[in-house]
Amino acid sequence: MSSEKIQSSIANPSPLGLLGFGMTTVLLNLHNADIMPLSIVIVAMGFALGGSCQIIAGIMEFMKNNVFGATAFTAYGFFWLSLIVIWTNPTDEMAMADEKSMGFYLLLWGIFTAFMFIGTLRHNRATQVVFLTLTILFFMLSIGDFTGSAAIKHAAGWVGILCGASAIYNSVAQIVNHEYNKVILPL
């Protein structure tokens, strides 16, 4: 089978990846906004939809030769898996993550996301909103950890809810617009 046939026979994986990212991001940031506690519910969603689902979408994007989508979904899928490892700390030989370590972890993700946001300037507005709010979220969470400020982390939770909701909207809009073969929900 030729490369062109493979690319054209694969459905658009973007709605799946955006849904996985969006739902997990909303759920985690309900915790950051002090609406619910961190629990196995968030961990399970992070593993299944945030991690695994996005990695599958990323691999599909690689097959479609979409460098941006492949990088974004695969990287953020592995972000969720790494975050779960940090939370569950499966070994007694390694120290739990402290706020300084988490500050640097989130800072690096913020820098990566800022560069990815630049890439979205060639994409639709909905995708730009997702990446702009995600950039702000990572930097706010990083600052919150570096300063130990619960208020900044709480405010970041609300930014995260907006970010996740925008990703869910982007996902649903792509699905609905595709199904009706016209723009019903603008992107």
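Laboratory data are not the source of any read-out in this text; all were calculated from the coordinates shown. What you are looking at is a predicted structure, and each value in this text was computed from that prediction instead of being measured. Virtual Cβ from ideal backbone geometry, glycine too; neighbours counted across all protein chains shown.
Using a cutoff of 8 angstrom between alpha carbon atoms and counting only pairs six or more residues apart, the relative contact order for the chain works out to 28 percent. Distance between the pseudo-spin-label points of residue 88 and residue 132 (7 Å out from Cα toward the beta carbon): 3.7 nm. For residue 38 and residue 184, a Förster radius of 45 Å and the Cβ-Cβ distance give a FRET efficiency of 0.80, rounded to the nearest 0.05.
Extension gain for residue 118-residue 176 works out to 18.2 nm (0.36 nm per residue, less the C-alpha to C-alpha distance). Once percent of Cα pairs over 25 Å apart is calculated for the structure shown, the corresponding label among (i) 34; (ii) 28; (iii) 48 turns out to be (i). The magnitude of the dipole of segment 36-187, with charges of +1 and -1 set on the Cβ of Lys/Arg and Asp/Glu and taken from the Cα centre, is near 600 debye.
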